[in-house]
Amino acid sequence: MSLLTEGGPEPAGNPGPTTAADPPVAGRPGASAAAPPTSADRSTAADPDPTAGDSAADMDLTGGTATADGAAVAVDAGPGAGAAAFAPLPRRQPPRRVPRVFAVRAPIPRPSRLVLTVLSVLVPLALWQLLSAAIDGRPDYLPSPAQAWAAGLDMARDGLLLGDTLASIRRVLLGFGLAVAVSVPLGIAMGAFQAGRAAFEPVIGLLRYLPASAFIPLLALWLGIDEMSKVALLFLGTVFFNTLMTADAVRRVPGALVDVSYTLGARRGEVLRKVVIPFSLPGILDAIRVNAAAAWNFVVVAELFAAEEGLGYRIVRSQRFNQIDRIFAVLVVIALIGLTIDVALRLLRDRVGRWTS
Amino acid sequence: MAAARSRGKSGLVTGTLRLRTVGKDFTRGREQVRALEDIDLEVARGSFTCVVGASGSGKSTLLALIAGLSRPTTGEVLLDGIPVTGPGPDRGLVFQTGAVYPWRTVERNVAFGLELLPLSRGERAARVDHYLAATGLTRLRHALPRQLSGGQRQRVAIARALACEPEVLLLDEPFGALDVQTKEDMQLFIRRLWHECGTTVIMVTHDVEEAVFLGERVITLASNPGRVAADVTVPLPGERDLTTKRDAAFLGVRAEIEDLVRLYHHDQAG
């Protein structure tokens, strides 16, 4: 029942079949506004009356309240007076019940989750298979998953895949490692000190919009075409974002936590070491995880130009020899390694941030 | 600090904490806002003082000034005659939200201040044990804050402050976010703790009943700017329990102060 009638004798007066037969809207008449003064009438009127009579009576009574009805029974002036100026608020039908899988943010059954997870991998794979079958006879155009797998095995047996993967990983560790080493302290300084923010945020906010790939020619010019320029590209591609995201994580440290630490006797450095950094560590790891994905993208880009090994190099080389199946094999390897890095960092983050709920 | 403490113990007649014509201005946007004006207070060593007032009366600002987290625009805050220039462990502070370290277990939260001092491991552990026991947290010593209820978290914050043996314990609406039952438990708890530790307590609250029940003295602040409107000594015995809240004397003082708060609140609104 609507809120204005709650506690009144109305539910009893409203016989079961009546409400069932009614559409939901009519079943909870807005007329309830008038209910308190009239509940006595209703028990006599509603009992013998069918649906129509009931709701008609309700309508009447609302009208009655609107024109300041019964002075004698205006006991509950509160609700009556409040509703008087308006027609009863329309009620919407209750929403249709939906399966739990479609309910916003609701937990879903374990089997459903499993099925969806499996499908999310299998469907694209099936599409790939279908597409390659549709243009059959052109493995140089779109090889099937099986052909890509075979090419991958072939490359693995030759030791190419391992060498390329290690080369790429080495570059990521170097370039992104350097970026982390610079961006985390810088981000902490920007997040913890207003001065740090004022000094660095404008320039970094600007620099991050320069696409790192646009620096490839310059880097080649300045640093040559060896490792240095590739590491530098990775660095440039990730350092600015990681700095800003670290600063954001640090800025989320509650002021009260810092204040209370001072009242417990902590000095500035101790507040940084023992409060600010531990609190923001999970957030910093989140930033690193996001940017590790970017680093993994950049390493392939970097290797497309003037490399002698690496997964990106393998793609270019395969294209040159029209070994499209190999390109696909390399792409799968890139994706799997990326996923592994992501999962590893997420596990680390969950371990470090166990205290977050 | 050591000098100040010994001086206090040698039986100085004056109060341990003094505020001399303290005022505080804030700049909010381009506006200059006067949060506090001409606060003159003397708080006796070992006393329990409550500060009430409508929101915006500068209650929390007052505590921040005593804590040293904020500097007065005029006047000065003196602890045992020595001007307060910044925050320190001699003035422990507990916020409404507790502000416990979420990544530290209960015992490591309590240990925070002690970890900063040159104490042996055994000495530190013994002190932590003592304050865990005093606040009824021994059983929860390995729990993380997120596993605690609101009341338990406040106990952690209080234990953590007390472990530093403060001259003054400052409580900023510490039970404001708790449900009624927990709040009463905590009120009894803080009374008992105060009896045991003998620390000077200054507690800010908007709940007059709580202020009268806990305080030996209730200071009412008026708003805009915050200033002392009334300073009432609570005529109740030191031993109080929940039945005290039904005492005629209790209800009288409570009504009197509630009227004051209301009066100065309307004063501000009008």
FRET efficiency for A:A306 and A:I169, using Cβ-Cβ distance with R0 set to 22 Å, rounded to 0.05
0.70
Computed over region A:187-264, the Cα gyration tensor eigenvalues, each multiplied by 5 and square-rooted, give semi-axes in Å (largest first) of 35, 12, 9
Of A:V290, B:V156, B:V110, B:V180, how do they rank once you tally other Cβ atoms within 10 Å and put the fewest first?
B:V180, A:V290, B:V156, B:V110
From the phi angles alone, apply the Karplus equation (6.51, -1.76, 1.60; θ = phi - 60°) to region B:54-70 and give each ³J(HN,Hα) in whole Hz, x where the residue is Gly or Pro.
5, 5, x, 8, x, 4, 5, 4, 4, 5, 4, 5, 5, 5, x, 6, 9
Region B:34-121: projected area of the alpha-carbon convex hull, averaged over directions, in nm²:
7.9
In Hz, Karplus ³J(HN,Hα) per residue of region A:296-301 (6.51, -1.76, 1.60; θ = phi - 60°; x = Gly, Pro)
5, 5, 5, 5, 5, 4
R0 of 51 Å, Cβ-Cβ distance B:R124-A:S112: FRET efficiency to nearest 0.05
0.50
Ranking B:K24, B:K245, B:K59, A:K274 by Cβ neighbours within 10 Å, fewest first, what do you get?
B:K245, A:K274, B:K24, B:K59
Evaluate the charge dipole of region A:96-150 about its Cα centre and quote only its size in Debye, nearest 20, assuming +1 on the Cβ of each Lys and Arg and -1 on the Cβ of each Asp and Glu.
720
At 222 nm, what helix-only mean residue ellipticity would chain B give, in deg cm²/dmol to the nearest 500, using -39500 (n - 2.57) for each DSSP H run of four or more?
-12000 deg cm²/dmol
Inside 10 Å of the C-beta atoms of B:106-116, what's the mean count of C-beta atoms belonging to other chains?
3
Residue farthest toward the positive end of the dipole of chain B, with Cβ of Lys/Arg at +1 and Asp/Glu at -1: which of B:S149, B:L188, B:T233?
B:S149
Could you pull out the pairs from A:K274/B:K183; B:K183/B:K245; B:K24/B:K59 whose alpha carbons sit more than 22 Å apart here?
A:K274/B:K183
Cα centre as origin, Lys/Arg/Asp/Glu Cβ charges: region B:46-136 dipole, Debye:
200
Determine the relative contact order of chain B: mean sequence separation of Cα pairs under 8 Å and six or more apart, normalised by residue count, in whole percent.
24
Rounded to the nearest 20 debye, dipole of region A:146-352 from Cβ charges on Lys, Arg, Asp, Glu
560
DSSP beta bridges in chain B [antiparallel fraction, %, rounded to 5]
55
Given the Cα-Cα distance of A:A181 and A:Q129 and 0.36 nm per residue of separation, how much length would full extension add, in nm?
14.4 nm
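None of the figures in this text is laboratory data; all of them are computed from the coordinates on show. Remember, it's a predicted structure, so these values are computed and weren't measured experimentally. Glycine gets a Cβ as well: all are built from the backbone with ideal geometry, and neighbour counts include every protein chain shown.
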